[in-house]
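Single-structure report; data block below.
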Amino acid sequence: MLRYQYVSTGVIPFDHARVADLGDPDLELFGLETIVGQIEEHYRGLRAAGVVPITAGGDHSITYPILRALGDGRPLALVHLDAHYDTAPPMRGSAVHHGAPVLNAVNDGVVDPARSIQVGMRDPWAEVESMCHPEGLTTLTTDEVVALGPAAVAERIREVVGSGPVYVSFDVDVIDPTMAPGTGTPVPGGLLPHDALTILRGLRGLDVVGADVVETSPPWDPAGMTALTAAQAMFDLLCLAAEAHAARHG
C-alpha cells in the first residue's frame, strides 16, 4: 500500500531522496538482550552509510537500540505518539522490554528530554507515572490532544522539538482500537486516524533523521484496517524524512 504522492501536500518523497526497502535485519530468534544489541549494530551501519531509516516494527522494544545508534554523540529530540508512556521499570528480569524504550533512551543520554514530547497518552498504568516518568518530557494526553486539535498539537510539538535532529516513533495503539484493533496493548479512547495523520503532516520542516511505526499485528485484525493505517503513517513519515534529507543536502 505504499503511495507515490501525498495528496494533501503534493509531496513526492522519491523526488527528494533515493528510497529503498533494505529488508529485515538478520537477528537471533531468541534472547531479547542479544537482539537489542544486534539491532543497534545494524543501525550504526545504516547511520555510517548516510541512510535515514524508516522502520516497520516489531514491538516497541526496537526503538531503544535504534535511538542508541542514531543518537550517539548527538542526543535526539523524540516525538512519541502512543497510548503508553513506555517508561516502565524492568519487568521479569529485563530492562529492554517494549514498555521501556523511552526511559532507557533518556537514561542513556541519546534522547534529550527537554526537546522531546509524548502525544496521545492514556496509559491504564498511569498510576506508576510518578515512579518512572522521565523528568523534563512534555506529555499531551489524549484528552488534551482532542481539546487542542491536531493543528495546535503539531505546533506544540514544533515548539518543544526546535530545530535539531528529531526521531519520530509512531505506535499504532495511539489510534482508537475500534479503528486499529491489530495491536498487542489496545487502550480504548484513542485518536482518530485522521487526527494522528494530520499531526504527522504538521511536522513538515523538522529535521527528521529517523522514524518507526511499531506494535502492528496484522493477524489480530482480519479486516486489515490496522495495517492500512500503519502503512499510511509510514508513508507520511517517509515524506517528512525525504524532505528533511533534501533540506540537509541542499
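Computed from the coordinates by the stated procedures, all read-outs in this text should not be read as laboratory data. Small disclaimer: the values here were computed from a predicted structure and weren't measured. Every residue, glycine as well, gets a Cβ built from its backbone with ideal geometry; the counts of neighbours run over all protein chains shown.
Using amide H atoms built in the peptide plane, which far-off residues or other-chain residues are under 5 Å from Val119 H to H?
Hits under the 5 Å cutoff: His80, Leu81, Asp82, Leu140.
Run the numbers for Val96 and Ala151: contour at 0.36 nm per residue of separation, minus the present Cα-Cα distance, in nm.
16.4 nm
Under 25 °C and 0.890 mPa s, how fast does region 185-240 diffuse according to Stokes-Einstein, given a Kirkwood radius computed over C-alpha pairs? Answer in µm²/s, whole number.
197 µm²/s
Across the chain, where is the longest run that never hits GluC sites (Glu not before Pro) in a DSSP loop with at most 16 other C-beta atoms within 10 Å?
Maximal segment without exposed cleavage sites: 136-250.
Return the Cα extents of region 131-181 along principal axes one, two and three, sorted largest first, each rounded to a whole Å.
Extents along the principal axes: 35, 30, 20 Å.
Loop only per DSSP, at most 15 neighbouring Cβ atoms within 10 Å: give me the chymotrypsin sites (Phe, Trp or Tyr not before Pro) in region 1-89, ordered by residue number.
For chymotrypsin sites (Phe, Trp or Tyr not before Pro) across region 1-89 that sit outside H, G, I, E and B with at most 15 neighbouring Cβ atoms in 10 Å, the list reads Tyr4, Phe30.
How many nm is it between the label spots at His194 and Met179, if each spot is 7 Å from the Cα in line with the beta carbon?
0.8 nm
Check each of the trypsin sites (Lys or Arg not before Pro) in region 1-100 and keep only those in coil by DSSP with at most 16 other C-beta atoms within 10 angstrom; list them in order.
Arg3, Arg18, Arg92
Mind telling me which of His194, His60, His80 comes out most flexible in a GNM of the chain, alpha-carbon contacts under 10 Å?
Largest GNM mean-square fluctuation: His194.
Whole Å is fine, so just give me how far the alpha carbon centre of region 9-34 lies from that of region 175-250.
Distance between centres, Cα-based: 14 Å.
Using the Kirkwood formula on the Cα atoms of the chain, what hydrodynamic radius do you get, in angstrom to one decimal?
Final number for the Kirkwood radius of the chain is 18.0 Å.
For region 25-248, with only Lys/Arg (+1) and Asp/Glu (-1) charged at the beta-carbon, what is the dipole magnitude about the Cα centre, in debye rounded to 20?
600 debye
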